[in-house]
Amino acid sequence: MRLQLHQLTKPIEHLTTQSGLSGANDDDIAESFAHLIGSSQPSQGGGDVTQGIHAPAHSHIPFLHKFVPQLQNLANKYHVGNYVIDRKTGEKFFESMPIYARLGMHLLFCGKEQVKLLEGSKHVEDLLREQSVREGRIYDSPESVKNIPSFIHTYQIPLDELLEPDIQHYGNFNEFFYRKLKLDARPVENVDDPAGFCSAADCRLVVYPTIDLARKFWIKGDEFSIPSLLNLDPSDPSCSQFNGGALAIFRLAPSDYHRFHSPIDATVSAKAKDVLGQYYTVNPQAINQTNLDVFSRNKRSVLFLQHTLSGKPIAFVAIGALLVGSINWTVEENASVRRGDELGYFAYGGSTVIAVFPPNFIMFDEDLVQHSVPHNSNAGRSRAVETLVKVGDSLGRWNGA
């Protein structure tokens, strides 16, 4: 849900143990989270996605408020979500956080390690993993097509840009979720410039010319490093090529087109390597927490590309998240790809792609850097803000051009 700045009438919640859900029983939150996933089944939710996981955090959902009455306090006192800047218009707006992400963050950062449910005690990590897999099964079922009309209405998804605009032709909700677009729906900006780079996804984007800047302003988890992200030993030569390098972080919200594309002209160097992991939310408030690095803990898959002009490597990391069912690649080893060519897709859930570049390799577009790297002002220190972009939008240029 998008709000204009003049519609903000309450403070923005910043996650702490004393924030909007303080005093809530962790076991009740865990039970309500499981019930929320169950409501994705049309037999329980009636096909209305706003009465389940797609509801914003301030929504009044009777069964949730019965389990967790503190949700009413949260809705009364705070707006829950993040600021985003629309690159096309320059407008800064507020994007409400889905309720499932807020409950998941409480369990992960503010609750106890183990919770009690009707079927017995579980570690929080196991609960989040099991419910993510469960959500995938629900949205793979033929019955889940009943959720598609409500999903389209809730997020105002334009059907005219879809390769298959007739929703009757989708066999389940997930098939619609990772829908394909018409070939001309996402033109590549500056396509004739061989040194250009483009956005890899319809997403909320931050960029950092150095990894140190990314750790200072965005990825606050103490454990984050390139070796941990790529699941490689620090002595591996593949890691040393990225020392002091740059990052582009593409966060996909559930409403977004969920196929991801190559940001460069390149060759696929090797088959993608899957990394087992957790199913934590990738919402910015989770990424900004200091006591846990979500990116290197989550399930992910790593693909290496070789830039056509320079021969330099780029690591392309597709990262799963809370309620993400699977990561799927549609390119083969040794394939040649152009900017904007599809690389793969995510099944249901919000998710993230990170592109890791060698040092002094890319000059990011100035507006993206200005939004991502806070600056000092007379009013105090501003916060990093994601930029709303689409596949094919300009990301920057090769420094060697």
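The values are calculated or read from the model by the stated rules, or taken from the named source; none is laboratory data. Every value quoted in this text rests on a predicted model; they were computed, and no experiment measured them. Cβ coordinates were reconstructed from backbone atoms using ideal geometry, including for glycine residues, and neighbour counts include every protein chain displayed. All accessible areas refer to the heavy atoms of the entire protein, side chains included, with ligands and DNA or RNA removed. Shrake-Rupley method; radii C 1.70, N 1.55, O 1.52, S 1.80 Å.
Among Phe316, Phe304, Phe346, which is the only one that is open to solvent by 20 Å² or more (accessible area, probe 1.4 Å) and aromatic (Phe, Trp, Tyr)?
Sole residue among the options that is open to solvent by 20 Å² or more (accessible area, probe 1.4 Å) and aromatic (Phe, Trp, Tyr): Phe304.
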Confirm whether Leu292 is more than 26 Å from Asn172 (Cα to Cα), at pLDDT 95 or above and among the hydrophobic types (A, V, I, L, M, F, W, C). no
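Within segment 169-183, can one find any residue that is modelled with pLDDT under 95 and out of contact with any Cys (no Cβ under 8 Å at 6 or more places or on another chain)?
yes
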Can you run down the residue pairs with Cβ atoms below 7 Å, 6 or more apart or on separate chains, where the first is in segment 157-185 and farther than 19 Å from Gly340 by Cβ and the partner is in a helix (DSSP H, G or I) and among the hydroxyl-bearing types (Ser, Thr, Tyr)? Asn172/Tyr139; Asn172/Ser144; Phe173/Tyr139; Phe173/Ser144; Asn174/Tyr139; Phe177/Tyr139
Go through segment 78-112 residue by residue and tally those that are closer than 15 Å to Pro284 by Cβ, open to solvent by 10 Å² or more (accessible area, probe 1.4 Å) and in contact with a Ser or Thr (Cβ under 6 Å, 6 or more places away or on another chain). 1
Given the condition under 18 Å from Arg215 (Cα atoms) and open to solvent by 10 Å² or more (accessible area, probe 1.4 Å), answer yes or no: does some residue in segment 244-260 qualify? yes
Quick one: Ile264 ticks every box in (1) buried (at least 18 other Cβ atoms within 10 Å of the Cβ); (2) outside any loop (DSSP other than H, G, I, E, B) bar one, so which box is it? (2)
Quickly run through segment 147-195 and pick out the residues that are under 28 Å from Pro263 (Cα atoms), polar (S, T, N, Q) and open to solvent by 70 Å² or more (accessible area, probe 1.4 Å). Gln156, Asn190
Going through segment 121-139 in order, the residues found to be under 29 Å from Pro149 (Cβ atoms) and either open to solvent by 70 Å² or more (accessible area, probe 1.4 Å) or not in a helix (DSSP H, G or I) (or both) are Glu130, Arg137
Count - residues of segment 245-261 that are assigned to a strand (DSSP E or B) and out of contact with any His (no Cβ under 8 Å at 6 or more places or on another chain): 9
On the basis of being open to solvent by 20 Å² or more (accessible area, probe 1.4 Å) and closer than 20 Å to Leu213 by Cβ, does Glu366 make the cut? yes
Inside segment 1-50, can you point out the residues that are among the aliphatic types (A, V, I, L, M), surrounded by 18 or more Cβ atoms within 10 Å (Cβ to Cβ) and within 21 Å of Ser96 (Cβ to Cβ)? Met1, Leu15, Leu21, Ala24, Ile29, Leu36, Ile37, Val49
I want to confirm something. Restricting to segment 382-401 and keeping residues that are modelled with pLDDT under 95 and closer than 22 Å to Phe361 by Cβ, which single residue is least open to solvent (accessible area, probe 1.4 Å)? Ala384
Mind counting the residues in segment 267-281 that are under 13 Å from Ser351 (Cα atoms) and either open to solvent by less than 20 Å² (accessible area, probe 1.4 Å) or assigned to a loop (DSSP other than H, G, I, E, B) (or both)? 3
With the checklist (1) within 16 Å of the chain's Cα centre (by Cα); (2) of a type in the set (D, E, K, R); (3) more than 30 Å from Leu127 (Cα to Cα) in hand, flag the one item Asp365 doesn't pass. (1)
Kindly indicate whether Glu333 is open to solvent by 30 Å² or more (accessible area, probe 1.4 Å), closer than 25 Å to Pro227 by Cβ, charged (D, E, K, R) and out of contact with any Pro (no Cβ under 8 Å at 6 or more places or on another chain). yes
Among the residues of segment 211-228, what is the count of those that are outside any loop (DSSP other than H, G, I, E, B) and touching a strand residue (DSSP E or B) at 6+ places or on another chain (Cβ under 9 Å)? 7
